[in-house]
Amino acid sequence: MGLAASQARFLAITARKNSCEFQSMQIAQQKLSLTRELEAATQDYQEALNTTKLVWDADGSGSYIYDLSYNLLMYPSEINDYVPWMVSRRDGKIALNSDMAMAAKLAGIPEGGTNNPTKEMYDAFLTAMVACGGMSETSARSCRDIGWQETVGVGGALMDKTDAYEMTITNMINYIDLACGKIDTGTDEERELAEKLTFTIPKYDSSKEISKDNMLFKEGLDQSSAYITINGNRVSNENGDITFTLADLLNDNVTIAFTDEKHKKGFFKRIASAVKDLLGNGSTVCGGKAGIEDLVGTSTLYPEDASEEDKFIIDLADQLIQGFMAILDVGEEATDIQAFNYAIQETLALLGETKDLGSRNHSNDAFNDCITESNNYNGWVSKGAAKNKNYGSKALSLSSLAESFLTFYAQGKEGYNDSYYIRQDGNKSSYVTDDYGYYYKIKNPNDNGWSTQQIYESEFYSALFNNLCQNGWYENIYIDDKEYLDNALKNGQLFITSINQDGYYYQDKYNAGEYIIEANDEDAITQAELAYTQKKSKINYKEEQLELDMKNLDLEISSLTTEYDTVKSLISKNVEKTFTLFQS
């Protein structure tokens, strides 16, 4: 290669090499930029992990969580227990959304409040709420029928929820407690009802021999083999009668246990089968002095060798049924009677099921295991004691039996759909008693023609109206937006005005109570995680491409460097040779 050609080649290599090095520097800059992008995305994701939102914890247990919203606070529902939780600004005025603000205007409630609210203004408020879509005409009509509660929410007492013909499980338990409290002081009818709702186990005197007048249970079970436990604690009747009510069965966990199994094999299944056949033939529900024993006939189902435990359990089951007959208004509709009979036969069928837990080394262990497991099983739970196989234990949760009965009844009333159902495994069952919004029709001589829901709604709107008049109100067009509501409550722009034990409403921060809490915003976190994952994936792809380009440039620069050195050496030799030629 001549000198001129070598120099031209040298310049071309130098230019290409410089270009490659410049591109390499650009790639390095791009990689640095991608690193910054990844750091920013990571920072955004880390901040999102700390994103919180306000939620409503319905019972303070963390089991029932709802996103906080204006509607949840300011409109009656089972979630807020039909109690208004008013959103207010610092001066105490209640924040109303556009619909409620229009209703307040139409009703003539001054924005600054008034000291002279009237029934006419209250009725006008209900009418306006219907017109603005804030409540149904049915709810407004019942609120008018019940009437304006002038002192509710401003220091007055709440209405008695037990004066209703239809109740939730909570109110029904309270009603049963009140009824049982009249067992000694009520009228003849009240005492009779109380006796049907009260289970009594006579006092046991251990100093006397077992006799008909000195028995732990009615039919002659001695204290060494039969026990009642309430919430896991054994209850003794040495110092007096043991009593528990139908309300206790629904509110606590009452269990009966035997430590010396004497049950006749198949006894309860025969009882259940006979009752099912009898009820299937159109017979009425269990009744009469002997209850189930009369229904099924002693000659076939109460054989002479039937154990006292068997008879006692059937008596308890019969009293349970009689108690529900006394409290529930089954009515005369064929479908309602059918539902009640269905509950009887299915509840008795549970007595024919037993879960065998095997055996334990000690009888106390077997006893305690049965008590514990019976809480989660609809039927009997048995366990033997390995060192003394004749001294096993068997337990039955009477509370589960009561809850199962109501569930079967509700299932029949609801057309045997899948809303409520009973399985042997209690954890796989759907008890109606866990639905605090379900209403039971009650035989209540004191009812005023209203359901507890109607009473609750009347109280709700009376309390809301009374506080609007007392504190005043203002329209907040943004209040329906959850993000705005959350931020306004968090930063102290808005407050929660809620009822206190004295019957008055007081303003405080959102977290002063136990129902509104700050929780991780899982939706925001999920979205941030998705965005971060996509961003990281794109950055990783770009980095891989840049890394590949960088490797190719490095190879080309290495090759050009080698060629550069070769051509440079060749030029140097040509120059040296030329100078040597002219010097000679």
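Every number in this text was worked out from the coordinates using simple rules, so none of it is lab data. In this text, all values refer to a predicted model and were calculated from it rather than measured experimentally. Because the Cβ atoms are built from the backbone with ideal geometry, glycine has one as well, and the counts that use them run over all protein chains shown.
Checking the Cα-Cα distances for 269/383; 53/536; 311/355; 276/443; 182/443 against a 18 Å cut-off, the pairs over it are 269/383; 53/536; 311/355; 276/443.
Translational diffusion of the range 312-380, estimated by Stokes-Einstein from the Kirkwood radius over alpha carbon pairs at 20 °C in a medium of 1.002 mPa s, is 149 µm² per second. Annotation: peptides 87-100, 244-257, 544-557, ranked by per-residue average of other Cβ atoms within 10 Å with the highest first, follow the order 244-257, 87-100, 544-557. Taking the average, over residues, of other Cβ atoms within 10 Å as the packing measure, peptides 475-483, 322-330 rank 322-330, 475-483 from highest down. Think of each Lys and Arg Cβ as +1 and each Asp and Glu Cβ as -1; about the Cα centre, that makes the dipole of the range 70-197 roughly 780 debye.
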